[in-house]
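Colleague: Encoded as structure tokens, here's the structure I'll be asking about.
The values are calculated or read from the model by the stated rules, or taken from the named source; none is laboratory data. These numbers come from a predicted model, not from an experiment. Ideal geometry is used to build each Cβ from the backbone, glycine not excepted, and the neighbour counts take in all protein chains shown. Remember, those area values only see protein heavy atoms, side chains included, never the ligands or the DNA or RNA. Shrake-Rupley method; radii C 1.70, N 1.55, O 1.52, S 1.80 Å.
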4 protein chains.
Amino acid sequence: MPGNSFGQLLRITTFGESHGPAIGVVIDGCPPRLKVNEQIIQQDLDKRKPGQSAITTSRQEDDRVEILSGMFEGKTLGTPIALLIRNKDARPEDYAHLKETYRPSHADFTYEAKYGIRDHRGGGRASARETAARVAAGAIAKVLLAKEKVHIATYVSRIGKVKVMSPYTELDLSGVYTNDLRCPDKASREKMMTLLTKARKEGDTLGGIITCVVRNCPAGWGEPVFDKLHADLAKAMMSINAAKGFEIGSGFAAAEMKGSEHNDQFGSTAQVTLTNNSGGIQGGISNGMDIWFRVAFKPVATLMQKQHSVDKHGKPVTLEGKGRHDPCVVPRAVPIVEAMAALVLADHYLRWKAGR
Amino acid sequence: MPGNSFGQLLRITTFGESHGPAIGVVIDGCPPRLKVNEQIIQQDLDKRKPGQSAITTSRQEDDRVEILSGMFEGKTLGTPIALLIRNKDARPEDYAHLKETYRPSHADFTYEAKYGIRDHRGGGRASARETAARVAAGAIAKVLLAKEKVHIATYVSRIGKVKVMSPYTELDLSGVYTNDLRCPDKASREKMMTLLTKARKEGDTLGGIITCVVRNCPAGWGEPVFDKLHADLAKAMMSINAAKGFEIGSGFAAAEMKGSEHNDQFGSTAQVTLTNNSGGIQGGISNGMDIWFRVAFKPVATLMQKQHSVDKHGKPVTLEGKGRHDPCVVPRAVPIVEAMAALVLADHYLRWKAGR
Amino acid sequence: MPGNSFGQLLRITTFGESHGPAIGVVIDGCPPRLKVNEQIIQQDLDKRKPGQSAITTSRQEDDRVEILSGMFEGKTLGTPIALLIRNKDARPEDYAHLKETYRPSHADFTYEAKYGIRDHRGGGRASARETAARVAAGAIAKVLLAKEKVHIATYVSRIGKVKVMSPYTELDLSGVYTNDLRCPDKASREKMMTLLTKARKEGDTLGGIITCVVRNCPAGWGEPVFDKLHADLAKAMMSINAAKGFEIGSGFAAAEMKGSEHNDQFGSTAQVTLTNNSGGIQGGISNGMDIWFRVAFKPVATLMQKQHSVDKHGKPVTLEGKGRHDPCVVPRAVPIVEAMAALVLADHYLRWKAGR
Amino acid sequence: MPGNSFGQLLRITTFGESHGPAIGVVIDGCPPRLKVNEQIIQQDLDKRKPGQSAITTSRQEDDRVEILSGMFEGKTLGTPIALLIRNKDARPEDYAHLKETYRPSHADFTYEAKYGIRDHRGGGRASARETAARVAAGAIAKVLLAKEKVHIATYVSRIGKVKVMSPYTELDLSGVYTNDLRCPDKASREKMMTLLTKARKEGDTLGGIITCVVRNCPAGWGEPVFDKLHADLAKAMMSINAAKGFEIGSGFAAAEMKGSEHNDQFGSTAQVTLTNNSGGIQGGISNGMDIWFRVAFKPVATLMQKQHSVDKHGKPVTLEGKGRHDPCVVPRAVPIVEAMAALVLADHYLRWKAGR
């Protein structure tokens, strides 16, 4: 099956290129009679949209969403919900110099290798602009999860060398979206901002880590074997542009631990464990504890520095940074991680209903 | 769709419980006229099978594979290939005490929560025994990849605190399966063995990391957006029992890097980059460089120590370690990682053929 | 998986309600570098669009298609192609009386039973308006098939009691779309028109049969067992509104034949058979002969007569025919049958490429 | 996706060639805690198995089924259920003359065209022997449906020129399996037997029609648009060997009817209609009335007569009828139609549960 759909029972299909007429998404399988409207979706899109602060791209996109189908009198019909976002502030001329040139650590060459054709304007389909469609779909998934009291909190836990040292359990995650860095820890935030300002001045970029916590997920969601809940989360997260790593619960640290340290002892019942190295999932199925995981992002590949590169004929080229780009994609990736988490969970919620 | 299948065009469906009559796999979509036989599959199964050394479970399973279909005169027919492995050295009585008890950091409770029933003998479907079916299927995927000259090398790069310090490019990966630890570095191997012997004596267990390298993958394999090649690899790896983390190329280290450090500069053509932080994939599509990634595994949850636990009625129970288990699952997971990598790549190879 | 997608490798997802803002389709898996444009799609849409003659609904819809994505400089990119058709001549007030009433032999009651909510305006998602999206997608599938020289001819072979007596092999199928009845046989056409005029006057409706012929399909397309080429065709056809039956080659007549009559003898090679009762497919796989099949359609359920009905509270209601409807859907279904046939064949063409 | 799987949430994958070691099926998605055992499955297999009477092939296959997985203490676990049937009375030597020869109206040539290789023994994968796996899986689907009180009755309604004249509503369908012809009408049965005896003597074969009735299906099952309940039934039926046509409710007769005749008027509520031309489905969704449909089968292609044919080099060959074959496949196809209907309905039952 082609690669632009995600999910089994709640299934989204996204479309659109960065500088084409529009991007959008069709959500199939959304249960009927959910109260959804454009405002709910717009709220989440606004968290992701560019042009919000000094540390994001200056591209101005309203990212106005239009609901094309699947709704009637304010409620979902159970039929496909199509969401449309027109591209407005496209400046294809910014990309004319890339028509025959491959940018380092971009998908220019690989798209050419796969398709023998590519839309070079702003990365075309490979642009992170596609993720706006995911955020829009995720907003609807979150409405569905909210009915089951499942809640997702997501935040920036590292940018470059600056890391939030407290575990998520000691942080107040309620106000994450009130600050541009999407980071709940004030001290870290200030250091991150210093780092980002410096990087921007140097025409350089930074990577980082996002932590995501799913609360109130009932025990029993997920599939054993291949469609383990955390395997689906891993795929969802690694499908986000610039993601380089995924770890759940103890993650890579588990490799250094002994079983006697790592095992999560039960409390008074099996619903509660005293530690949560498992990250809320055992054997691919939720155990009722918080599901928590982390996603690593590489620094943005487009630099405002001169870079050596090659064109499609193999001729050396010097690239000058052009276009409008974020020095660090991580804060804007927070609602994307959240949306993808919501889509995975909502899908497994429907699968759970079928399997009962 | 239920969760026991993997892959789109090369699609496997595994079945079987640890102490039921048999485990097995149906491979659908394998191209016709491949030379396959039971010996080729058995070779890979033998790399995974238990009872091989002091550091693996003493359960004796021949893991004899029988090809039930899809072959004619030594060649694949293009029809489904069913592979059957009978369970022989099952000792269900070892597990009688677990009928009503949940083991910490096992899937006992979550299966009960999901299904309201479970086969408590050896973990039932949640047992790593299921992965023998994956290894068998992977052997066939490797035959298919070999025709395209794609080759996969996999090894243990960490057990507990002992880490192989050299990058994979400086290691000789050809003889990995000649040593019990599946580690190409002699000095690390010795330290790992010391560590494992100590852990086993203490009734404890250890985690570790496996590194996997795919060589000669042509540029252009993979799908953009959701089915990115590394997203499918992430799902495949995280679906392996005890996996806690996945990272590709620079991985989590990317979070700490600047763009000017991280970008892979092109060499004389776009086919070659001077560094490989991308891990051989850009925008979800292979770029012709080595694909390399790492998978973190937690320590085995079954300890040969007394552990506190609860039964299904919430009553506290003291668990004594019983059954036959590995103190460290990582060396035996090497052929599993390799098999899953082969299945992902072979699937994307067929998808590439369709999309050309 | 939700039910609004069709196809495996060439996969379409349609969306939209009859009187909502728009209908549309996302086509995923279309190969790159195909020359496609809005004119090619519009041509096929125009064959289906309402308001063309005395025998079709007077609803005026331009059915103007807009390509939202997946194209660059006149060629397909290999990425999803989204097509949008705005609803214009919607008159929801025509349907106000149906808000609580179920029309006989319509999907009003069943949608209510399934979803607990429905868009009663013009049948909502159940309206045949959805098929415009299929026709648009089919136009692109036909471009793909044309490169392989595969050609599809489709025509009305029966309306009510009037049946085209000649087999398709004796008809000139090239000018089907030049007449409103989409019937290649002049004598039948005249009788059909008489019949339709009479039915319209009586406020009644008629059913009919469409014959479809696929020429130049190479031998070897199709999958054995479940995804037999004719099984996929059957599903495609039966998914069209008002379809009641499907038969391939000899079809229902085969039930009355002896094997010695029915078997298709080979000519000088296995590429050619002297008869074609098989309908061009053996064991689910094309044999190189014409693929030919027939689809039966019921008469339109909306009558311009008074009908007894019930409302959602079980109260008897008298329905008066309102809205704008075709007295016979069959001529307008010709491009829909053709589009669905093209989508099935193009999908199996890609599957064939993957499986070689 | 490869073509050997069927169903979305209750998904079966069959495997095996007619004269290979075994055939079988993996059923994924079966809900937990269903009481299933080998006897229940065997009962249905026995209805299909060869060698039962003068009018079926003399091949003796016990068709002994073994449950390999997915069961514990007499109940389903929710994990994949693998069922195995060994081939016993295989006589490959009967087919040696077919190694290079294509039989008319068989899949010999098309498999060769698709795969470039085939197992010529008994048709290999194209043999109707594959359907035993479907019957085994269907037995489990029927257990699931029985819990919802859904019941399926299936019978032979035509063989050659002999047709059961009464509608199904006037027949007693309870004892269908007590007679070899699977026909509930005594008078028709006698005529059918006369016809079959004559055909067998002449070395000829006959086609026929099977009628299937699903009772007590609640309103609301099915998906609109592509996965309409009757579209999935059509695909299921047309995927059975030798099927040439499918019609639901009024079927092809609808083409000759007026809307005023065809519309099913509601009774006192929308749950009951006075006629059932719709066949129990409106807009792809069940309406609570009986679902009834018919499947046409061609006469068996293997004749006990001399036939002209060609070999793979295009050389003319005279085929003599060999092997063991049924003069009419229709009575043995009754449990197959029933099994496929059960699989479609059980799948849509699970989809309905997810969508509520």
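Colleague: How many Cβ atoms of partner chains, on average, are near each residue of C:264-277 if near means within 10 Å of its Cβ?
Modeller: Other-chain Cβ atoms within 10 Å of each residue's Cβ, averaged: 5.
Colleague: Compare A:A253, A:A341, A:A22 in a GNM of chain A, Cα atoms joined below 10 Å, and give the one with the largest fluctuation.
Modeller: In this elastic network of chain A, the residue with the biggest mean-square fluctuation among A:A253, A:A341, A:A22 is A:A253.
Colleague: Which value in deg cm²/dmol, rounded to the nearest 500, describes the helix-derived mean residue ellipticity at 222 nm for the protein assembly as shown, given -39,500 (n - 2.57) per DSSP H run of n ≥ 4 and division by the residue count?
Modeller: Values: 28 runs with 368 residues, N = 1424.
The helix-only estimate for the protein assembly as shown comes to -8000 deg cm²/dmol at 222 nm.
Colleague: In nm, one decimal, shortest first: how far is the label point of B:E202 (7 Å from Cα along Cα to beta carbon) from the matching points in the other copies?
Modeller: Listed shortest first, these distances are 4.1, 8.6, 9.1 nm.
Colleague: Where the centroid of each part is defined by its Cα atoms, how far is region B:228-242 from region A:178-192 in Å?
Modeller: 32 Å
Colleague: In the full protein assembly as shown, how much of D:R182 is accessible to a 1.4 Å probe, in Å² to the nearest 10?
Modeller: Counting only protein heavy atoms, the figure is 20 Å².
Colleague: List the distances, in nm and shortest first, from the label point of A:G74 to the matching label points in every other copy, placing each point 7 Å from Cα along the Cα-to-Cβ direction.
Modeller: Result, one decimal in nm: 5.1, 5.4, 7.4.
Colleague: If you don't mind, another one. To the nearest whole number, what is the average tally of beta carbon atoms from other chains within 10 Å of the beta carbons of peptide D:194-203? Mind dumping the intermediate values first?
Modeller: Values: counts 0, 1, 0, 0, 0, 3, 0, 0, 3, 2.
Partner-chain Cβ atoms within 10 Å, mean over residues of D:194-203: 1.
Colleague: Who wins for biggest fluctuation among B:V36, B:V164, B:V272 in a Gaussian network model of chain B, springs between alpha carbons below 10 Å?
Modeller: B:V272
Colleague: May I pose another question? Using amide H atoms built in the peptide plane, which far-off residues or other-chain residues are under 5 Å from B:V310 H to H?
Modeller: B:Y102, B:V317
Colleague: Loop-only check: which trypsin sites (Lys or Arg not before Pro) in region B:59-164 are DSSP coil with at most 16 other Cβ within 10 angstrom?
Modeller: Working: sites: B:R59, B:R64, B:K75, B:R86, B:K88, B:K99, B:K114, B:R118, B:R121, B:R125, B:R129, B:R134, B:K142, B:K147, B:K149, B:R158, B:K161, B:K163; in loops: B:R59, B:R64, B:K88, B:K99, B:R118, B:K149, B:K161.
When the trypsin sites (Lys or Arg not before Pro) of region B:59-164 are filtered for loop state and at most 16 Cβ neighbours within 10 Å, B:R64, B:K88, B:K99, B:K149, B:K161 remain.
Colleague: Place the label 7 angstrom along Cα→C-beta at C:A187 and in each other copy, then list the distances from the first to the rest in nm, shortest first.
Modeller: Inter-copy label distances (nm, one decimal, shortest first): 3.8, 9.6, 9.6.
Colleague: Provide the per residue accessible area, probe 1.4 Å, for region A:180-251, rounded to a whole number of square angstrom. Intermediate results must be reported in sequence, preceding the final value.
Modeller: Values: 1960 Å² over 72 residues.
Result: 27 Å² of accessible area for each residue.
Colleague: Further question on the same structure: Please give the helix D:229-238 orientation as an angle from the longest Cα principal axis of chain D, in degrees from 0 to 90, rounded to the nearest 10.
Modeller: 10 degrees
Colleague: Report the accessible area of A:L173, computed with a 1.4 Å probe over the heavy atoms of all protein chains in place, in Å² rounded to the nearest 10.
Modeller: 20 Å²
Colleague: List every residue whose amide H lies under 5 Å from the amide H of C:Q282, counting only residues 5 or more places away in sequence or on a different chain, with H placed 1.01 Å from N in the peptide plane.
Modeller: Result for C:Q282 returns C:N287.
Colleague: Another question about this same structure. Give the range of the longest stretch in chain B that excludes all GluC sites (Glu not before Pro) found in loop regions by DSSP and having at most 15 other beta-carbon atoms within 10 Å. Don't jump to the answer; show the numbers that get you there.
Modeller: Working: sites that count: B:E73, B:E100, B:E148, B:E202, B:E320.
After excluding every exposed loop site, the longest remaining stretch is B:203-319.
Colleague: Follow-up. Return the distance in nm (one decimal) between the two label points of a simple spin-label model at A:E38 and C:E100, each offset 7 Å from Cα along Cα→Cβ.
Modeller: Inter-label distance under the simple model: 3.1 nm.
Colleague: Moving to a separate point now. Principal axis lengths of region A:5-355 from Cα atoms, whole Å, largest first?
Modeller: Principal extents (Cα only, largest first): 66, 51, 37 Å.
Colleague: Taking amide H positions as placed 1.01 Å from N in the peptide plane, with prolines and chain starts having none, which residues 5 or more places from D:T275, or on another chain, fall under 5 Å of its amide H?
Modeller: D:Q265
Colleague: What translational diffusion coefficient, in µm²/s and rounded to a whole number, does the Stokes-Einstein relation yield for the protein assembly as shown at 4 °C and a viscosity of 1.567 mPa s, taking the hydrodynamic radius as the Kirkwood radius over Cα pairs? Kindly include the intermediate steps, with their values, before the conclusion.
Modeller: Values: Rh = 32.5 Å.
It comes out at roughly 40 µm²/s.
Colleague: Residue by residue through region A:68-84, which ³J(HN,Hα) values in whole Hz follow from phi under the Karplus form 6.51 cos²θ - 1.76 cosθ + 1.60 (θ = phi - 60°), with glycine and proline marked x?
Modeller: In residue order, the calculated couplings are 9, 6, x, 10, 8, 6, x, 10, 6, 8, x, 9, x, 9, 9, 10, 10 Hz.
Colleague: Checking an interface number: how much accessible area is buried between C and D, summed over both chains, with a 1.4 Å probe, in Å² rounded to 100? All intermediate terms of the calculation are to be shown ahead of the outcome.
Modeller: Working: alone 17080 and 17130 Å², together 26260 Å².
Approximately 7900 Å², summed over both chains.
Colleague: Could you compute the net charge surrounding D:V150? Neighbours are other residues with a C-beta less than 10 Å from the C-beta of D:V150; K and R count +1, D and E count -1. Please report the intermediate quantities before stating the final value.
Modeller: Values: positive: D:K142, D:K147, D:K149, D:R215; negative: D:E148.
Once all neighbours under 10 Å are counted, the net charge is +3.
Colleague: Taking the Cα atoms only, what angle lies between the long axis of helix A:38-48 and the longest principal axis of chain A, rounded to 10 degrees?
Modeller: Its long axis makes an angle of about 70 degrees.
Colleague: Nearest 10 degrees is fine. How inclined is helix C:330-355 to the longest principal axis of chain C, computing both from alpha carbons?
Modeller: 40 degrees
Colleague: When Lys and Arg each count +1 and Asp and Glu each count -1, what net charge do the other residues less than 9 Å away from B:N87, Cβ to Cβ, add up to? Spell out each step's value before the answer.
Modeller: Numbers: positive: B:R86, B:K88, B:R129; negative: B:E17, B:E61, B:D89.
Surrounding charge for B:N87 is 0.
Colleague: Once phi is turned into ³J(HN,Hα) by the Karplus curve 6.51 cos²θ - 1.76 cosθ + 1.60 with θ = phi - 60°, what whole-Hz value does each residue of region A:191-197 show in order, with x for glycine and proline?
Modeller: Whole-Hz 3J(HN,Hα) from phi for region A:191-197: 5, 4, 5, 4, 4, 5, 4.
Colleague: Over all residues in B:278-290, what is the mean tally of Cβ atoms on other chains that come within 10 Å of each residue's Cβ?
Modeller: On the way: counts 8, 1, 0, 2, 13, 15, 9, 10, 3, 6, 3, 0, 0.
What the average comes to for B:278-290 is 5.
Colleague: Under a Cβ-Cβ cut-off of 14 Å, what is the net charge of the residues other than A:G279 that fall near it, where Lys and Arg count +1 and Asp and Glu count -1? Provide the component values of the computation, followed by the final result.
Modeller: Values: positive: A:R215, A:K228, A:R294, B:K244, B:K298; negative: A:D232, A:E247, A:D264, A:D290.
Local net charge: +1.
Colleague: Determine the alpha carbon to alpha carbon distance for each of B:K235/B:K312; C:K49/C:K191; B:K75/D:K142; B:K47/B:K161; B:K142/C:K75; C:K244/C:K315 and list only those over 27 Å.
Modeller: Values: B:K235/B:K312 31 Å; C:K49/C:K191 24 Å; B:K75/D:K142 37 Å; B:K47/B:K161 25 Å; B:K142/C:K75 36 Å; C:K244/C:K315 30 Å.
Beyond 27 Å: B:K235/B:K312; B:K75/D:K142; B:K142/C:K75; C:K244/C:K315.
Colleague: Next up: Of the residues A:V317, A:V25, A:V162, which exhibits the maximal mean-square fluctuation in a Gaussian network model of chain A defined by a 10 Å Cα contact cut-off?
Modeller: Among A:V317, A:V25, A:V162, the largest GNM mean-square fluctuation belongs to A:V317.
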